[in-house]
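These notes are about the structure you will find just below.
The values are calculated or read from the model by the stated rules, or taken from the named source; none is laboratory data. Every value quoted in this text rests on a predicted model; they were computed, and no experiment measured them. We place every Cβ from the backbone using ideal geometry, glycine too, and count neighbours over all the protein chains shown. Note: areas computed on protein heavy atoms with side chains; ligands, DNA, RNA excluded. Shrake-Rupley method; radii C 1.70, N 1.55, O 1.52, S 1.80 Å.
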Amino acid sequence: MKGVKFWLFAIATVAVLAMVGCGPINPIKSSFAHNVVEVTANVVDDDLEDLASWCDGKNILMLWYDFDSQPAGFGDRDDVFSGSPVADKNVYIDNQYAGNYDIETIETIENSINNLKVSLSGTLILYLKANDLLGTSWDLIIGEDNETKAITNYVLVEFEVDSTGVYKVTKVQVINGEWENLSVPKNITDITNKGFAFFRIDDDKVVDARVIYP
């Protein structure tokens, strides 16, 4: 009987360990590989809303930088844009200048976006991980699967849904060379209206981008 009890105890122990190992895990919110349009504009007007709607239909993230009231870190982002100095109503696709809708039609800029957007490499990592089963707070996780070139710039953007429905940038960081030096948000208690974009720029072009939508 002692032998039987021993084996029953052993089996029960293994079963408990298996249940613990296969138990519930903290929620994760994944990201998408999407091209990124960035607009520097003083206000959200009909043209900007139309462009945002068009981008959404093409699975392209459109970010609005309030040029009149610039978000934290905008000066560093300004330094990296390629093709034209930043101005009101400028549009960039994957860091490349696509036009200015004060002097060009939205349709012309949409054509430029289609012509300039790049194929993404798919090496970046971006997701939100809850710190408990209920998701009362979240940590943003970023990274990359392979080594980078010395000239690489990494950009981490925090954004929210504006009252007009446009994605408005609230903070942006730019780091040259090592993504580990970015200040990554932790213990975020409310993610309902908060989004993130993480992208890499090589030779003035975005080569990979990941997006978490609100």
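Between L134 and E107, the FRET efficiency estimated from the beta carbon spacing at R0 = 45 angstrom works out to 0.45. Each Cα pair under 8 Å and six or more residues apart adds its sequence gap; the mean of these over the residue count of the chain is a relative contact order of 24 percent. What shape does the chain have by the C-alpha gyration tensor, where a ≥ b ≥ c are the square roots of the eigenvalues, rounded means a/c under 1.5, and otherwise prolate means a/b greater than b/c and oblate the rest? In terms of gyration-tensor shape, prolate.
The length gained by stretching the chain between D50 and A33 to full extension, at 0.36 nm per residue less their Cα-Cα distance, is 3.9 nm.
With all protein chains kept in place, the per residue accessible area of the chain amounts to 51 square angstrom at a probe of 1.4 angstrom. The share of accessible area on the chain that comes from carbon and sulfur is 52 percent, using a 1.4 angstrom probe.
Summary of packing: across the peptides 37-47, 184-194, the per-residue average of other C-beta atoms within 10 Å ranks them, highest first, as 37-47, 184-194. What's the angle, to the nearest 10 degrees (0 to 90), between helix 106-116's Cα axis and the longest principal axis of the chain? Roughly 60 degrees, rounded to the nearest 10.
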